Amino acid sequence: MLIQLTVQNLAIVTHLDLNLSAGMLVITGETGAGKSIIIDALSIALGERASAEQIRATHNQAIVTASFDITKLPAVQTLLQQQDLPFDECVIRRIISSDGRSRAYINGHSVAAHQIKLLAPHLVHIHSQHQHHALLDSEYQRQLLDGYAEHPELLSTVAELYNKWSNTRQQIQQLTDIEQQADRLTLLNYQIQELDSLNLQLDELQQLDQQHTQLAKAEELIAAGQEVDATTSTILEQLRVAQNQIIAIAKIAPSLSTCAENIKQAILQVQDANADIQGYFSKLDLDPQQLEAIERRLSNIHTLARKLKIAPEFLHEHSEALRNQRNILAKANERLDQLQQELLAIEQEYKQAATKLAASRQKAAAKLSIKIIAKLKTLEMPNAVFEIKSDPLKHNNPTPYGNEAIHFMVTTNPGQAPGLLKKIASGGELSRISLAIQVITAQQMATPTLILDEVDVGISGKTAATVGALMRELGANAQILCITHLPQVASQGHQHFKVEKLQTAQETSTQITPLGPTERVQELARLMGGVTITPEALAHASKLMEAVEI
C-alpha cells in the first residue's frame, strides 16, 4: 500500500508530505482547492507523461516521491528482482525539469519510465467518475471474474497450451509455404551443383595462394638465391683463411686456441645454411604453364565467391551449410506431418482445459451476480438485475484466456432486458455498481491501493450513507483513498485530509492537512452547510462521527 507521498513544486503545491495509513482515507476541500493534486502526483510517480508546464512558477524542477509497503506484494517484489533492483521496498521518484525532460528512480536506481509502468498496475488503481472506467472494459471484467473465481491453475494451463499451439502453428506455417520452399530448394541445388563443379578441397585455397606467390616470383627468388650463394661462398673462403691464421697464432699464444674452434663451428653453420638455400632454390619451378593453371584455378574460386557474396576462404564451409539446408527442406514434408499431428493433440488438450475454465467461470459468475444484486439493493437500486454473460468468440482459434468473452450485463428498470453495463448504467448507477463489485472482489484484488475520485457523484441522502459504509467495508481489505464532497461518505474514513488553497498577494498554493476529531466535525459541518457553519450542522456532524467506530 501507499505509505508516503511527497510532492515538491508541482502545480500549486510548494511542498506536500503525506503519511498514509491503511483503511479508508478521505480527502475533502472546497471546489478548486486542488483535491486532485494527489491523483496528478501519483500518476506522474507511476510513469504517466509529465511536462514542464506542471512545474510551479519560478522553480526549475518538480519532484514526486511515492513510497509503498510491498511486504505482501510478491508480484511487485518479483518484478523488481527481475529488473536487478532492490526488492525489500519500493520507493519511486520522478523529477521533472524545466527543459521538459524527466528522470525516474526506483529505490535510488535510475530507471526508464516504462519500468515504472510495469509496477503501476500492481500498486495503485485510479477510479474516476470522469475518466474511462476500467470496469467498462470487457477484458477487465474478465480479470475481475477470474480473480473472484480463484482458479490460477486453470488460467495457467490454458495460457501454456495457447503458447504451445501458437508456436506449433508458426512452425507449420513456415513449412507449408510450398512455393517459397520449392524456389529455395531449386536455388540450393543450383548453388550446390556449382560448388561441386568447383570441387574445392579443404585448405586448397591457402595452398594455391602459397604456390602462386612462389611461382610468380620464382625468377626473383632464384636471382636472390644466387647472390646469397656467392656471398656465403666468399664468407666461407675468408673464414677458412682466418681459421688457418688463428691456428698459426695459437701456437705462440695457446690461449687463443678456442677462437680457432669457434671459427670452425661458424664455418660448419654457414655450410649448413648454404646447403639449405641451394636445396630450396633447386626445387623452384619456372614452368609458366603451372603458374597459368594456378591463376586460372584461383580466378574460378574468386568468381564463384563473388557470385555467392561470401569470402573465398568460406566457400568450403558454405558448401556444407547449403547441404544441411537442403537436407532440412527435403525432410520438410515428414516434419510437417509430425507438426500437424502435434497441433491436433494440442488443440484437443486446449479445448478440454478451456472447457474446464469456462465451467469454473460460469459457476463463479452465478455466485458473484447474486452477491452484487444483493449489494445493489442496499444502495437504493432495488430493481437492479446484474448478470455475467459468456459469449463464445467469433473465431475458433485458441487465445491465452479461453474461448469466451466476458460481459457484465445490467438493467435498473423492471421488465427491461439486461444490456451491456457501458450502455445501460448512468453515472450515478455506475458508481454504485462499481462500488458493489469492488467491495465483493476486494479480497481477491491484486492492487492494494484504490483511489476513488468523486465516484459518489449523483447520489445523496440514505444512499450516500450506505456508500460511505461500503467504502469503509472495502477499506478493510484494501487501502482506499476517497475524494468526496459528501459528509456521509467523509465521516466513514479511518483518516481524513483537508485540502485548502492559500492565497497571498504574491502567490497561490495548496496544502493538505490531516484532521483530528474536532477538525473533522468542523469539516463535515462545512460539507453540510457550505460557507456558514450553523450549530445544527455541527450537531449533525457530531452525530455522523458518533455513528462510526473510528
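What follows is calculated from the coordinates using simple rules that are stated; it is not laboratory data. Since the model is a prediction, treat every value here as computed from it, not as a measurement. Backbone-built Cβ (ideal geometry, glycine too); neighbour counts: all protein chains shown.
Potential lengthening of the chain between Gln214 and Arg296 amounts to 27.9 nm, from the contour at 0.36 nm per residue minus the alpha-carbon distance. Note on Thr532 and Glu500: with the Förster distance fixed at 25 Å, the Cβ-Cβ geometry gives a FRET efficiency of about 0.90. Note on Lys371 and Thr231: their simple-model spin labels are 10.1 nm apart, each label 7 Å out from Cα toward Cβ. Extension gain for Ile277 to Ala417 (0.36 nm times residue separation, less C-alpha to C-alpha distance): 39.6 nm.
Of (1) 24.4; (2) 26.1; (3) 32.1, which one was derived for Kirkwood radius over Cα pairs in Å from the structure shown? Matching the structure shown: (3).
Amide H contacts of Ile3: Ser67, Phe68, Asp69, each under 5 Å away and 5 or more positions distant or on a separate chain (H built 1.01 Å from N in the peptide plane; Pro and chain starts excluded). With a threshold of 28 Å on the Cα-Cα distance, the over-threshold entries among Lys371/Lys462; Lys371/Lys423; Lys331/Lys394 are Lys331/Lys394. Please label the shape of segment 179-330 as rounded, prolate or oblate, based on the square roots a ≥ b ≥ c of the eigenvalues of the alpha-carbon gyration tensor (a/c under 1.5 means rounded; beyond that, a/b larger than b/c means prolate, else oblate). Prolate.
Using Cα-Cα distances under 8 Å and only pairs 6 or more residues apart, what relative contact order does the chain have, in percent?
Value for the chain: 22 percent.
Listed by chain and number, the aspartates and glutamates whose alpha-carbon sits under 14 Å from that of Lys543, ignoring those within fewer than 8 places in the same chain, are Glu523.
Cross-link reach is defined here as a Cα-Cα straight distance under 26 Å, omitting same-chain residues fewer than 8 places apart; for Lys117 the lysines meeting it are Lys35, Lys72. Each residue, Ala224 and Ile252, gets one label point 7 Å from its Cα in the Cβ direction; the gap between the two is 4.5 nm.
Between Leu136 and Gln245, residue separation times 0.36 nm minus the direct Cα-Cα distance comes to 27.7 nm. Taking 16 Å as the cut-off, the amide N atoms of segment 485-524 that come nearer than this to a point 7 Å along the Cα-to-beta-carbon line of Glu546 belong to 518, 521-522.
Taking the Cβ-Cβ separation of Ala113 and Glu342 as r and a Förster radius of 25 Å, what is the calculated FRET efficiency to the nearest 0.05?
Working: r = 41 Å, r/R0 = 1.66.
Here the calculated transfer efficiency is 0.05.
Cβ-to-Cβ counts within 10 Å put Arg103, Arg361, Arg297, Arg306 in ascending order as Arg306, Arg103, Arg297, Arg361, the fewest first.
Label 7 Å along Cα→Cβ of Asp84; segment 94-121 residues with amide nitrogen under 14 Å? Counting only backbone N, you get 109-112.
Cross-link partners for Lys377 among the aspartates and glutamates, with Cα-Cα distance under 17 Å and sequence neighbours closer than 8 places in the same chain left out: Glu387, Glu429, Asp456, Glu473.
For segment 141-208, the C-alpha radius of gyration sits at 2.33 times the compact-globule guess of 2.2 N^0.38 Å, with N the residue count.
Once R0 is set to 30 Å, what does the formula 1/(1 + (r/R0)^6) return for the Cβ-Cβ distance between Lys462 and Glu30, expressed as a FRET efficiency to the nearest 0.05? In this case the efficiency is close to 0.70.
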